[in-house]
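Quick notes on the structure that follows.
The values are calculated or read from the model by the stated rules, or taken from the named source; none is laboratory data. If you're wondering where the values come from, they're calculated on a predicted model, not measured in any experiment. With ideal geometry, Cβ positions are generated from the backbone for all residues, glycine too; neighbour counts draw on all protein chains shown. Just the protein is used for accessible areas: all its heavy atoms, side chains included, with ligands, DNA and RNA removed. Shrake-Rupley method; radii C 1.70, N 1.55, O 1.52, S 1.80 Å.
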Amino acid sequence: MRWLHLRFEAPLASFGGEAIDARGVIRDFPAQSMLTGLLANALGWTRSMRADHQRFQSRILFGAVHDDDPALRRMTDYQTAQLRKADKMWSTRGAPIGRAGGANTYLGAHQRWRDYHADLRLSVVLTLAPEAPEPSLEHVAAALDKPARPLFIGRKSCLPTTPILRGWLEAGDVRAALESVVPAGRECPAIWPHSDGMGGDHAAMVTDERNWMSGLHGGARKVCLGRLTGSGRAQ
């Protein structure tokens, strides 16, 4: 079975979790929806292509492995912004937005806390199942090699320092593909689908999919979390 080997290296990266109020938390591993958005961005897709995003997300099969413990490299950025009634700010819709009309103008500072992975070093192995319809795995690889737009790892401020696409792998399942990208003899924290077997690790339910039609996140899947010993075959 063929897999793409993706490498995420960046001074700052964010694998967004369930945000509550002003705190932007992160997960240890990338979400299914994040990978969908990153690859769709490389392909040049727009947000209006909701059905295409939905089908594409359902085809992505992946696992991820850190070079070391992600908890050791977390940091929190404290941010403030003051928005008066006439102030405008950037939006993902491509047009500036401001505060709602009316006499109530907020004069105090908006406070935000944003978590990040610092000095990220993580590998992802990924394939598409089923192989059809398009885009194919070859289309995805070509798009990562020459992306239609700049790519980022989570938030737009999180730019990769190296090319994301590292090459192709041959492996029977996600876990075997992950073990091939871990240096021989090392044990590294990883995530992979529960269908690939538990071993001595533990299972968890993650909610990391997006309903691209409604724009809301939801949908749980069962994964394995644990440490994998590398074979180093892909190094």
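A few remarks follow.
- Dipole axis of the chain (+1 Lys, Arg; -1 Asp, Glu on Cβ), positive-most option in A95, A141, I60: A95
- Share of pairwise Cα separations in segment 137-181, more than 12 Å, in percent: 69 percent
- A protection proxy built from the mean count of other Cβ atoms within 10 Å ranks the segments 15-25, 173-183, most packed first, as 173-183, 15-25.
- Taken about its Cα centre, the chain carries a charge dipole of roughly 1020 debye when the Cβ of each Lys and Arg holds +1 and the Cβ of each Asp and Glu holds -1.
- Heavy-atom accessible surface of the chain: percent carbon and sulfur, 1.4 Å: 53 percent
- Dipole magnitude for segment 143-188: computed about the Cα centre from +1 point charges on Lys and Arg Cβ and -1 point charges on Asp and Glu Cβ, it is near 400 debye.
- Here the extension length gained between R149 and D21 equals 43.0 nm, from 0.36 nm per residue of separation less the Cα-Cα distance.
- Range of Cα positions in segment 120-199 per principal axis (Å), largest first: 40, 33, 21
- What the chain shows is 52 Å² of accessible area per residue, with the surface traced by a 1.4 Å probe over protein heavy atoms.
- Lys/Arg +1, Asp/Glu -1 at C-beta; the chain dipole; positive extreme among P130, T229, A86: A86
- Compactness check for segment 17-81: Cα Rg over 2.2 N^0.38 Å is 1.40.
- Taking only the alpha carbons of the chain, we obtain Rg and Dmax values of 19.1, 65 Å in that order.
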